[in-house]
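The values are calculated or read from the model by the stated rules, or taken from the named source; none is laboratory data. Since the structure is predicted, the reported quantities are computational estimates derived from the model, not experimental observations. Please note: Cβ atoms are built from the backbone with ideal geometry, for glycine as well, and neighbour counts cover all protein chains shown.
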Amino acid sequence: MHTSNKLNGKVAVVLGAAGRDNMGQVIARRFRDEGATVIVAGRHGDELARLADEIGGYAKTCDITDRQQVLDLFTFAKDKGGRVDIAVNATGWGLLRPFLETSVDELKRMSDLQFVGPFLFCQAAVEAMEQGGSIIQISSATATIMFHDHAAYMGTKAGTDHVIRCVANEFGERGIRANSISPGVTDTPMTAAAKEVPGLFEAFASGYPLQRIGTSEDIAAAAVWLASDECFMTGQNLQVNGGLTLRRNPMKHEIEASVQAAAQALGQEQTA
């Protein structure tokens, strides 16, 4: 447990924390360990209530695509904590769809969740932060570098990164910082199925300068620094991905070759 108390006395909102042990939950736990009062939010009330009880915080259901629910979240946070110092948006939808097969409905859903919603979240956070604060958007390395069949996801993440820059530029004079964090492939519940495919994670890790897949704890550590009074940074996108963006994601055929080689090796072991 981290107990440096870098966030002692601060009140944090973490949206996107309704999935068991997802990135939002890991960030919320780390904030609690650092001394913050944490309001966790998302769409699944039972899991949020469980987490809030675990960390001694508060839970509020919230759909980021609903403006009133986002406003109500920050009103709730101020009622419970007396103020809002930190606002983290960790929501997202990892759509993988070939460019020519991406439907209008998927584009609208992705835009609502990963562009319109974060825009509304930033608006509500700025209005709630009467004494300055830190807004943190969980983005993606693919907002900067390429990955196959991911255009709608990548485009909306990149657009929101630019909104973060606008918030930083406009509201810095009020003591509000706004930054993005960009993970690469990360070992989370969302990627659990992919991790079980032999050779898949290895195809990515071999291209990382630090030679490993990132974890939610890596992202939470960066979020603590961005949220702390030690941070003199705003309008930036932290590439917390082991150096991935110095290089590139593997190409589709490279992933397929790695998976095929691992499957063949596994088959040889089983018949030996």
Where the second residue is of a type in the set (Asp, Glu) and in a helix (DSSP H, G or I) and the first is farther than 14 Å from GLY117 by Cα and lies in region 152-163, which pairs have Cβ atoms under 9 Å and are six or more apart or on separate chains?
ALA152/GLU106
Unmet criterion (only one of (1) small (Gly, Ala, Ser); (2) out of contact with any strand residue (DSSP E or B) (no Cβ under 8 Å at 6 or more places or on another chain); (3) buried (at least 17 other Cβ atoms within 10 Å of the Cβ)) for SER103:
(3)
Just to be sure I understand, how many residues within region 3-43 are of a type outside the set (Gly, Ala, Ser) and surrounded by fewer than 15 Cβ atoms within 10 Å (Cβ to Cβ)?
5
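A quick yes/no check of all residues on (1) surrounded by fewer than 18 Cβ atoms within 10 Å (Cβ to Cβ); (2) farther than 23 Å from GLN68 by Cα:
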site: GLU130; (1), (2): yes, no
site: SER139; (1), (2): no, yes
site: MET146; (1), (2): yes, yes
site: MET154; (1), (2): no, yes
Given the criteria acidic (Asp, Glu), under 15 Å from PHE121 (Cβ atoms) and either at pLDDT 95 or above or touching a Gly at 6+ places or on another chain (Cβ under 6 Å) (or both), does ASP72 qualify?
yes
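Would you tally the residues in region 223-265 being among the aliphatic types (A, V, I, L, M), touching a Gly at 6+ places or on another chain (Cβ under 9 Å) and either at pLDDT 90 or above or surrounded by 14 or more Cβ atoms within 10 Å (Cβ to Cβ) (or both)? Full working, then the answer.
Narrowing region 223-265 to residues among the aliphatic types (A, V, I, L, M): 223-224, 226-227, 233, 238, 240, 244, 246, 251, 255, 257, 259, 261-263, 265.
Subset that is touching a Gly at 6+ places or on another chain (Cβ under 9 Å): 227, 240, 244, 255, 257, 259, 261-263, 265.
Okay, now just the ones that are also either at pLDDT 90 or above or surrounded by 14 or more Cβ atoms within 10 Å (Cβ to Cβ) (or both), so 227, 240, 244, 255, 257, 259, 261-262.
Count: 8.
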For region 174-199, which residues satisfy the criterion of being under 22 Å from ALA87 (Cα atoms), in a strand (DSSP E or B) and without any contact (Cβ under 8 Å) to a residue 60 or more places away in the chain?
ILE176, ARG177, ALA178, ASN179, SER180, ILE181
MET110 passes all but one of the listed conditions (1) touching a Gly at 6+ places or on another chain (Cβ under 9 Å); (2) farther than 25 Å from ALA220 by Cα; the exception is number (2)
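Scan region 123-173 for residues that are part of a strand (DSSP E or B), touching a Gly at 6+ places or on another chain (Cβ under 8 Å) and aliphatic (A, V, I, L, M) and jot them down.
Taking region 123-173 first, the residues part of a strand (DSSP E or B) are 130, 132-138.
Then drop every residue that is not touching a Gly at 6+ places or on another chain (Cβ under 8 Å), which leaves 132-133, 138.
Once the filter is applied, which keeps residues that are part of a strand (DSSP E or B), touching a Gly at 6+ places or on another chain (Cβ under 8 Å) and aliphatic (A, V, I, L, M), region 123-173 yields only ILE138.
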Being free of Cβ contacts under 8 Å to residues at least 24 places away in the same chain, on the phi < 0 side of the Ramachandran plot, part of a helix (DSSP H, G or I) and not hydroxyl-bearing (Ser, Thr, Tyr) is the requirement here; does ALA59 meet it?
no
Please count how many residues of region 203-220 are crowded, with 18+ Cβ neighbours inside 10 Å and under 26 Å from ARG177 (Cβ atoms).
5
Restricting region 79-91 to residues that are touching a Lys or Arg at 6+ places or on another chain (Cβ under 8 Å) and part of a loop (DSSP other than H, G, I, E, B), the one surrounded by the fewest Cβ atoms within 10 Å (Cβ to Cβ) turns out to be ASP85
